[in-house]
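Since every read-out is calculated from the coordinates, none of them should be taken as a lab result. Please read these numbers as outputs of a predicted model, since none were measured by experiment. Don't worry about glycine lacking a Cβ; one is built from the backbone with ideal geometry, like all the others, and counts go over all protein chains shown.
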Amino acid sequence: MEVIRQIAAAKKLLREESSKGRSIAFVPTMGALHPGHRRLIEVAREKADLVVLSIFVNPTQFNDPEDLQNYPRDEEADLKMAEEAGVDMAFVPTVEEMYPPGFLTSANVARLSSKLEGASRPGHFRGVCTVVLKLLHIIRPDYMVLGLKDAQQFTILQHLLDDLCIDTELTGVPTVRERDGLAWSSRNVLLTKKQRRQALSMYRALKRTHFLVKKQGILHTGELLQAVRSVIQTSGAELDYAEIVSRVTLEPLDHVERGGTYVLLAVRVGKVRLIDNTRI
Ligand code: AMP
């Protein structure tokens, strides 16, 4: 596995590979790799000849400096896991490499970026879109593999690619969970035992909505959200938001549209903020 830190070097190597007719699949991450990321790499392997993983804790997508500072980082372990998982090139730029002095540009997908995560974390998706667009120009992948754990991010990036006629094909990978159902997240390592138990209420709440929809035929989102809130609040976790929205527009729905609906949750346990979702 090649570890590349410079944009120019990444471009050179990747253009050479492309000119030999090799296809490229790209997995963007912020590191602190876990089995969710590993699954993304596996899917990327199935898609293309060459797998490129980026590890970059992107400062512009953090609106809370403390969150950025506390974000877990372990480059050595990440590179080991990446190599074992079959990554061909790890692109690990510094902040200065990605945002040199004088950097002025940003990309924004209007409307979709201001709700849900965007409402709780102003500027978050502008940071995400800008860094992903820059990475896409550096790597020029045929495929980009993303996790559906970040469902809103997936929808926004699909929009970005469509609007700007970028020919990279997106693949969304279902959320990978720990044995008890907690979605793998780089931030899970920051949880105490008690906080972890509280965080698990997200999974229980999502399972409850499936039960209510599938076994009891409840489609009214007000009723479903009440059940979700009750599960989260009983656990002691602090609910940031719970919404039931259309998969396409991310607009709240009055009634579940089967197959086309996301239940999206964000909670805080101590200083850690976690998200999860399910599709109904
Ligand atoms: P992150 O490093 O957390 O920014 O995530 C990098 C990529 O991994 C994003 O596309 C995430 O959606 C995806 N991802 C994170 N956690 C999971 C998970 N538990 N299952 C599947 N994909 C995930």
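A few comments on the model shown:
- When the inverse distances between all different Cα atoms of the range 155-215 are averaged and flipped, the Kirkwood radius reads 14.4 angstrom.
- In plain terms, the chain is cut at each of the trypsin sites (Lys or Arg not before Pro) found in a DSSP loop with at most 14 other Cβ atoms within 10 Å, and the longest leftover piece is 112-178.
- Gap separating the Cα centres of the range 1-78 and the range 201-216, nearest whole Å: 34 Å
- Extension gain for the segment Phe211 to Glu223, taken as residue separation times 0.36 nm less the Cα-Cα distance, is 3.0 nm to one decimal.
- When the range 186-279 is reduced to its Cα atoms, the Kirkwood hydrodynamic radius in Å: 13.4 Å
- Remark: relative contact order (the chain) = 17 percent; criterion is Cα-Cα distance under 8 angstrom and separation of 6 or more residues.
- Label point distance in nm, Leu164-Glu96, each placed 7 Å from Cα along Cα→Cβ: 2.6 nm
- Across Lys11/Lys80; Lys149/Lys214; Lys12/Lys47; Lys215/Lys271; Lys11/Lys271, pairs whose alpha-carbon gap is larger than 30 Å: Lys215/Lys271; Lys11/Lys271
- Fraction of alpha-carbon pairs over 32 Å apart in the chain - percent: 25 percent
- Rel. contact order, % - alpha carbon contacts under 8 angstrom, at least six apart, the range 122-280: 19 percent
- Extent along principal axes [Cα atoms of the range 1-123; Å; largest to smallest]: 42, 32, 27
- Compactness index (Cα Rg / 2.2 N^0.38 Å), the range 102-173: 1.06
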